1. Run residue 51 past the list (1) open to solvent by less than 40 Å² (accessible area, probe 1.4 Å); (2) over 20 Å from residue 151 (Cα atoms); (3) at pLDDT below 80 and report the number of the one that doesn't hold.
2. Within region 47-95, count every residue that is farther than 23 Å from residue 184 by Cα and free of Cβ contacts under 8 Å to residues at least 60 places away in the same chain.
3. If you scan region 164-195, which residues turn out to be surrounded by fewer than 14 Cβ atoms within 10 Å (Cβ to Cβ) and in a helix (DSSP H, G or I)?
4. Scan region 126-139 and give yes if some residue there is modelled with pLDDT under 80, under 30 Å from residue 95 (Cα atoms), in a strand (DSSP E or B) and of a type outside the set (Ser, Thr, Tyr), otherwise no.
5. Here's a check for you: in region 56-90, which residue that is loosely packed, with under 12 Cβ neighbours inside 10 Å and farther than 19 Å from residue 176 by Cα is modelled with the lowest pLDDT?
6. What is the residue count in region 196-215 for residues that are open to solvent by 30 Å² or more (accessible area, probe 1.4 Å), of a type in the set (A, V, I, L, M, F, W, C) and within 28 Å of residue 141 (Cβ to Cβ)?
Amino acid sequence: MKKLIVTFLALISFSSYSLSANDIRPAEDAVEEGVKMVLNTIESNIGANGEIADQQAFIDTMVGELRPIIGFQQIAIKVMGAHFKTATRDQKIRFIKAFTNSMVQTYAAGMVNFVGYEVKVVSSRDNQKNTYKNTRIYLDVVSPDGPKYPMVQSLYYSKKNESWLIQNIEFNGINLGIMFANQFSQVMSDNDNDLDKAIDAWVKSTQESYEGTSFRDKEAR
């Protein structure tokens, strides 16, 4: 299950797309283009020995690719829930930064597990069109061994960025937003509902998890 969650997080950049007055296209086409882009990034960073030669360069690349397509702030606000309203401006900034780092680092660590997977866009199950409103994209994630996992991405249109940003994902029955919200609630509980301590604990946990990660392709392990 842990491996599935890591792979699940690695998928979050695969269906970003932008719409503008001069370039309105089917979401499915943009999703497929995003898949190719990210797979190329993985393959170009994994060496012949199955390892990431320059881990920091790899992470920096992921940061550059993820920031324009994920609504980190929107997700962080939902993860904090009611605590966001009572948090100070400094606490909000600290958590959004910490949350963003945790997602990016988890993504960077999980990317190497995604070589060989295939992502297919499937027909929408919603009666909706691609408009400037919240929308959902349905995909199937197929592993090299054959098993197929369903994924649903929820996106919202950011007028500021003039692009669709990911705000939540469901992968194989796992809801990303709920998972992170539950983790935050647990961290708050473990730290006597002290928000400053909870943020510090989140940062520490993320860093420890990241430092213990081996950047190796699963086929080379």
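The values are calculated or read from the model by the stated rules, or taken from the named source; none is laboratory data. None of the values given here were measured: they were computed from a predicted structure. As a convention, Cβ positions derive from the backbone with ideal geometry for all residues, glycine included, and neighbour counts pool all protein chains shown. Keep in mind that these areas ignore ligands, DNA and RNA; they rest on the heavy atoms of the full protein, side chains included. Shrake-Rupley method; radii C 1.70, N 1.55, O 1.52, S 1.80 Å.
1. If we test residue 51 against (1) open to solvent by less than 40 Å² (accessible area, probe 1.4 Å); (2) over 20 Å from residue 151 (Cα atoms); (3) at pLDDT below 80, just (1) comes out false.
2. Summing the residues that are farther than 23 Å from residue 184 by Cα and free of Cβ contacts under 8 Å to residues at least 60 places away in the same chain in region 47-95 gives 12.
3. Our first condition is that a residue be surrounded by fewer than 14 Cβ atoms within 10 Å (Cβ to Cβ); within region 164-195, this holds for 173, 178, 182, 186, 189-190, 192-194.
Passing the criteria: 178, 182, 186, 189, 190.
4. Here is the first cut: in region 126-139, the ones modelled with pLDDT under 80 are 126-135.
Among the residues that remain, those that are also under 30 Å from residue 95 (Cα atoms) are: 132-135.
If we keep only those that are in a strand (DSSP E or B) too, we end up with 135.
Subsequent filtering for residues that are of a type outside the set (Ser, Thr, Tyr) retains none.
Within region 126-139, none of the residues are modelled with pLDDT under 80, under 30 Å from residue 95 (Cα atoms), in a strand (DSSP E or B) and of a type outside the set (Ser, Thr, Tyr).
5. Applying the filter and picking the extreme gives 56.
6. 0
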